[in-house]
Amino acid sequence: MRIEYLDEVDSTNTYIRRYLEEGEDVIVCARRQTGGRGTKGRSFCSKEGGVYLSALTFYPDLPVSRAFRIMTHSAVAVCCTAKAFGADAQIKWPNDVFAAGRKLSGTLIENILSGDKVRCSVVGIGFNVNNDVSALGGIAVSLSELVGTVKTDDVRDELISNLLREDDFAEYLSFVRFLGKEITVVEGEKSFPAIARAISEDGRLIADTAAGRRTLSAAEISVRF
């Protein structure tokens with residue numbers, strides 16, 4: 001595993017793509033990003049003091065049907081890292097990590113397919129550590145707000161360690177705290193209440209609604225707690 005450390009880059013997800021043809025797993029870390037990217041084309045605030053990294057991983061035989069495991073693995077790695085420094089983190093389906101009701105980290109995953117297999121993935125993680133997130137209007141939190149100042153490099157190294165270890169789906173579910181509770185499902189222009197019941201291994205949310213049990217995809221809906 002090659003690990004590269006940068007002071008500044010536009011986006012670690014963009015930068016790491018230069019290694020796609022080499023076939024080697026790589027992690028790229030940056031102290032700050034000038035063009036950090038989030039999901040659905042959003043920008044991602046990337047001031048110094050946070051952990052910003054991307055992991056390029058190649059898979060010998062990963063069916064597209066099991067691609068959700070890439071997402072669960074990254075979320076578990078973040079939660080375990082937060083836990084190692086004394087923070088109680090939980091997963092907001094499918095893979096955002098929250099603590100004290102606010103967003104602690106964000107993940108952008110870009111899978112590259114070959115037929116019905118995932119050839120490789122680029123997993124970008126932005127983890128708020130000592131960076132100031134006050135400008136985000138109270139929707140985000142930094143690790144230092146929760147547990148006091150910690151060394152950003154120590155958090156980065158712990159996160160890398162957790163990304164390099166194996167986990168299972170049960171560990172992912174252990175950090176999902178909303179099952180059995182009422183949620184609001186947002187589907188296009190409408191929203192409706194539901195009871196979250198389970199998450200399937202392919203990443204779909206199973207919920208009970210007034211119209212009966214539904215199986216929901218994160219690509220089509222969002223949830224509020």
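Derivation of every value follows stated rules applied to the coordinates shown; laboratory data play no part. All figures in this text were calculated on a predicted structure; none of them were measured in a lab. Glycine also receives a Cβ, built like all others from the backbone with ideal geometry; neighbour counts cover every protein chain displayed.
Here are the numbers for this structure:
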{"read-out": "Sequence of E21, E4 once ranked by neighbouring C-beta atoms within 10 Å, starting from the fewest", "value": "E21, E4"}
{"read-out": "Rel. contact order, % - alpha carbon contacts under 8 angstrom, at least six apart, the chain", "value": "17"}
{"read-out": "Estimated vicinal HN-Hα couplings, Hz - segment 29-35 in sequence order (Karplus 6.51, -1.76, 1.60; Gly, Pro = x)", "value": "10, 9, 6, 7, 10, 8, x"}
{"read-out": "Cα-centre dipole for the chain with unit charges at Cβ (Lys and Arg positive, Asp and Glu negative), debye to 20", "value": "720"}
{"read-out": "Theoretical gain in end-to-end length, K47 to D88 [0.36 nm per residue, Cα-Cα removed]", "value": "12.4 nm"}
{"read-out": "Label zone at E220 (point 7 Å along Cα-to-Cβ), backbone N below 14 Å, segment 108-134", "value": "none"}
{"read-out": "Which of T152, T72, T184, T81 has the fewest Cβ neighbours within 10 Å, and the rest in rising order", "value": "T184, T152, T72, T81"}
{"read-out": "FRET efficiency estimate (nearest 0.05) - Cβ-Cβ, R17 to D168, R0 30 angstrom", "value": "0.55"}
{"read-out": "Order of S174, S144, S54 - criterion: other Cβ atoms within 10 Å of each residue's Cβ, fewest first", "value": "S174, S144, S54"}
{"read-out": "17 Å reach of a label modelled at L6, 7 Å along Cα-to-Cβ, counting backbone N of segment 122-166", "value": "122-127"}
{"read-out": "Tally of Lys pairs whose C-alpha atoms are under 28 Å apart, taken over segment 2-174, 8 or more apart or cross-chain", "value": "14"}
{"read-out": "Charge-dipole axis of segment 2-174 as Lys and Arg at +1 and Asp and Glu at -1 on Cβ define it, positive-most pick from G138, N95, V28", "value": "G138"}
